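Below: one structure, written as structure tokens.
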Amino acid sequence: MFQHDPMRTGFSDEIGQLDGKLTPIKLRWDWHLPNMVDCMQNSSPVLGDINGDGILEIVVAASNTGILYVLQDSVERIGSNLWYHGKLLWSYQVSGIIKSSPLLFDINNSGTLDVIFGSWDSTLYALDGNSGLLWSFPTGGMISSSPVAGDIDNDGTIEIIVGSDDSCLYVLWWFDGSEKWKYKTGGMIRSSPAIGDINGDDTLEIFVGSSDGKLYALSNGDTLWTYDAGDYIYSSPALGYLDGDDTLDVVFGCHNSYVYALKGNDGSFLWSYKTDGYIDYQSPALADIDGDGLLEVIIGSFGGECVYAIEGESGIEKWKICDFSSDVYPVPCSPAIADIDKDGELEILMSIHNGYCYAWEADGSEQWQWGYSSGDQDTPLALGDIDGDGELEVVGSDLVHHKIFVLDFPVPPIGVEEDEELQVTSYKLQVYPNPFTQKTEIRFQIPDARYQNFDIRHLTSNISLTIHDLSGRLVREFSIHDSRPTTHEIMWDGTDNQGNKVNSGVYFCRIEKDGTREECMPTKLIYIR
């Protein structure tokens with residue numbers, strides 16, 4: 001989803017599998033998107049397993065046509081060569097421009113992700129994983145805001161939250177899209193709402209900006225507090241623990257060129273930082289990029305042509321980057337942050353208006369850049385493993401060339417003979433239901449070791465499925481005695497190796513061989529309520 005999580009942090013805890021040995025980034029494939037609108041604040045590509053095959057698909061809108069596309073990574077043999085390309089899974093046409101970034105969420109408990117997005121035809125749409133319309137909800141104005149989902153009132157059901165140009169924030173029932181409640185502000189809501197529990201009461205508060213210049217904090221439809229920044233707020237807020245205490249804080253950008261940090265529980269002022277130009281749809285990302293245990297704020301300015309790293313606790317500038325060899329609006333996007341090369345340090349990835357996307361190290365030094373000649377990259381980047389090889393790919397779009405593109409760090413396939421039938425194989429790992437309370441089913445596929453297109457080594461019988469907590473501590477291990485290339489199913493009841501029930505929270509499962517994880521083997525997060 002846009003900015004990766006419901007708190008809109010822009011931070012991904014997925015890790016690349018290159019062990020710090022970064023090969024030159026290359027174009028894996030690109031795909032033509034007809035009539036992408038040539039203006040700022042376009043819908044961002046998002047990644048998710050739409051068809052339930054264990055591999056991520058790309059969901060992206062060609063904004064000007066009102067068409068939403070779902071693409072999947074594909075590979076075919078042409079002679080002795082492998083041809084990597086994007087394949088259209090399905091598309092869906094609406095009657096208005098799409099600038100809302102899609103939300104991927106299983107709202108009908110089908111086991112596959114559904115797609116929820118807004119349009120300038122004043123409608124929020126919910127589609128199932130096969131492009132069928134689940135429901136639609138009309139608002140009184142165009143929708144540029146990206147929806148978010150969560151159980152905001154702790155009643156055991158999911159709500160969908162989105163803003164509209166009619167000045168209202170809408171909270172909808174997940175199953176049919178009917179209105180649960182709405183909240184009217186004094187201006188258009190093009191900011192994408194963020195949700196988080198800021199006071200420890202097990203309910204999620206909503207934070208959203210408005211063109212009336214105010215940031216709103218709402219709890220169950222009531223005003224918790226507002227903060228008047230004095231100019232319109234299209235930037236989406238991000239939530240994080242900035243000052244080391246146990247209360248969430250909120251960070252957002254404003255058209256008056258300032259970045260603001262406030263206490264989430266009462267809206268009290270923490271700090272502000274003045275950038276070199278106004279901030280429109282640029283949203284901050286939050287992550288501990290220097291490893292000191294405190295968050296930094298990463299944001300770009302629309303008019304200032306710079307990217308900034310700001311200390312989250314104090315609001316003091318760590319560094320800024322301004323030289324992009326472009327003379328107009330070079331930083332229109334929100335950052336993505338992840339350890340893409342598995343070196344233990346986070347990288348910052350952004351698209352720039354000069355036609356290039358960049359990756360910077362934590363100190364602001366450039367790691368790589370990539371772009372088309374005379375291009376225009378104006379949407380946030382998405383990070384994920386779209387080909388099932390255990391490595392992160394970078395997905396973005398270029399408005400001038402009307403393309404969605406996929407970048408990776410290619411590892412040449414080994415052991416493929418010319419007369420061998422091409423069979424794309426990978427370890428596929430699925431968890432359903434997720435989140436769960438009583439038990440969940442973990443399904444995974446062991447590939448045929450005869451086919452090694454994705455650097456898959458010959459298998460032995462020493463294969464296990466392991467579950468760890470976020471500190472890396474082993475919680476549960478399941479030994480796999482049957483290593484045939486087939487699908488395996490394991491039920492986990494949320495207990496550890498000693499049979500004790502584990503606490504609610506976030507865990508990750510992975511397949512291991514001989515007690516270690518090979519780079520072709522995926523990891524999945526599991527959420528216990």
_For T123, distant residues with modelled amide H under 5 Å away_ = T139, I143
*asked:* Quick query: amide H of A61 versus all other amide H atoms, modeled in the peptide plane; which residues come in under 5 Å with a sequence gap of 5 or more or a different chain?
replied: Y69
*Using θ = phi - 60° and the Karplus form 6.51 cos²θ - 1.76 cosθ + 1.60, what ³J(HN,Hα) does each residue of the range 127-138 get, whole Hz, x for Gly and Pro?*
10, 7, x, 10, 6, x, 6, 7, 6, 9, 10, x
_Once you order the gyration tensor axes a ≥ b ≥ c over the Cα atoms, which shape class does the range 217-350 get: rounded for a/c under 1.5, otherwise prolate or oblate by comparing a/b with b/c?_
oblate
*Hz values of 3J(HN,Hα) by residue in the range 194-210 - Karplus curve (6.51, -1.76, 1.60), Gly and Pro given as x*: 10, 10, x, 8, 9, 10, x, 9, 6, 10, 9, 8, 10, 10, 7, x, 9
_Nearby aspartates and glutamates by direct alpha-carbon distance to K184 (threshold 12 angstrom, same-chain neighbours under 8 apart not counted)_ = D165, D166, D212, D222
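With a ≥ b ≥ c the root eigenvalues of the C-alpha gyration tensor of the range 85-140, is it rounded (a/c under 1.5), prolate (a/b larger than b/c) or oblate?
Taking the square roots of the gyration eigenvalues as a ≥ b ≥ c, the range 85-140 is oblate.
Please say if the range 182-260 is rounded, prolate or oblate, where rounded means a/c under 1.5 for a ≥ b ≥ c the square roots of the C-alpha gyration tensor eigenvalues, and otherwise the choice is prolate for a/b larger than b/c and oblate otherwise?
oblate
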*From the residues S268, F409, L47, which one has its Cα farthest along the dipole of the chain in the positive direction, the dipole being from +1 and -1 charges on Cβ of Lys/Arg and Asp/Glu about the Cα centre?*
L47
*Which of the residue pairs K274/K320; K26/K524; K263/K524; K180/K439; K26/K513; K214/K274 have a Cα-Cα distance greater than 23 Å in the structure shown?*
K26/K524; K263/K524; K180/K439; K26/K513
*Among [x] 27.0, 88; [y] 25.9, 89; [z] 22.4, 68, which is the computed Rg and Dmax of the Cα atoms in Å?*
[z]
*To the nearest 20 debye, what is the magnitude of the charge dipole of the range 54-172 about its Cα centre, counting +1 on the Cβ of each Lys and Arg and -1 on the Cβ of each Asp and Glu?*
560
*Would you be so kind as to identify which of G371, C322, G384 lies farthest towards the positive end of the dipole of the range 300-400, taking Lys and Arg as +1 and Asp and Glu as -1 on Cβ and the Cα centre as origin?*
C322
*Ignoring the sites themselves, what is the longest stretch of the chain with no GluC sites (Glu not before Pro) in a DSSP loop and at most 12 other beta-carbon atoms within 10 Å?*
1-416
_For M7, net neighbour charge (Lys/Arg +1, Asp/Glu -1) across residues whose Cβ lies under 12 Å away_ = -3
_Could you check the spin-label model distance between N109 and E345? Points 7 Å from the Cα along Cα→Cβ, value in nm._
4.8
*Quote the charge dipole size of the chain about the Cα centre in Debye, to the nearest 20; the model charges only the Cβ of Lys and Arg (+1) and of Asp and Glu (-1).*
920
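Every read-out reported here was derived from the displayed coordinates using simple, explicitly stated rules and does not represent laboratory data. Here the structure is a predicted model, which means the values were calculated and not measured. Neighbour counts run over all protein chains shown; Cβ positions are idealised from the backbone, glycine included.
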